[in-house]
Amino acid sequence: MGIEKRDKLICETWRRSFEGTAITERMFRSEIDWYKDQMLFDQVAYLDAERRGRGFRLSSDQRKQMYDAIAQYQKRLQ
């Protein structure tokens, strides 16, 4: 997938999940990249993962919401 299509998909997924919240599109994009770098394969692993040094904090509820959005993004990639 090209960069433009990826960016569009990230933007669309962010809008559906986070528009009007404190989570920016940049934060969502960064979290997707971090998630993939960490090779986290399920929600439990993601929620338990140490996020120290990420540059922004996420509450427990925000992390659950973030995982759901990442899962939606991954599903749409397929």
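Just so it is clear, none of the values below were taken in a lab; they were calculated from the coordinates. Note that the structure is predicted; figures quoted are calculated from it, not measured. For neighbour counting, all protein chains shown are included, and Cβ atoms are generated from backbone atoms with ideal geometry for every residue, glycine included.
Computed values, structure above
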| quantity | calculated |
| --- | --- |
| Hits in region 13-31 - residues which are touching a residue at least 40 places away in the same chain (Cβ under 8 Å) and charged (D, E, K, R) | Arg16 |
| Filter result (assigned to a helix (DSSP H, G or I), of a type in the set (D, E, K, R) and farther than 17 Å from Trp14 by Cβ) within region 25-60 | Asp37, Asp48 |
| Residue check, Ile70 under 13 Å from the mean Cα position of the chain (by Cα) and part of a loop (DSSP other than H, G, I, E, B) | no |
| Boolean, Asp7 is among the acidic types (Asp, Glu) and exposed (fewer than 12 other Cβ atoms within 10 Å of the Cβ) | no |
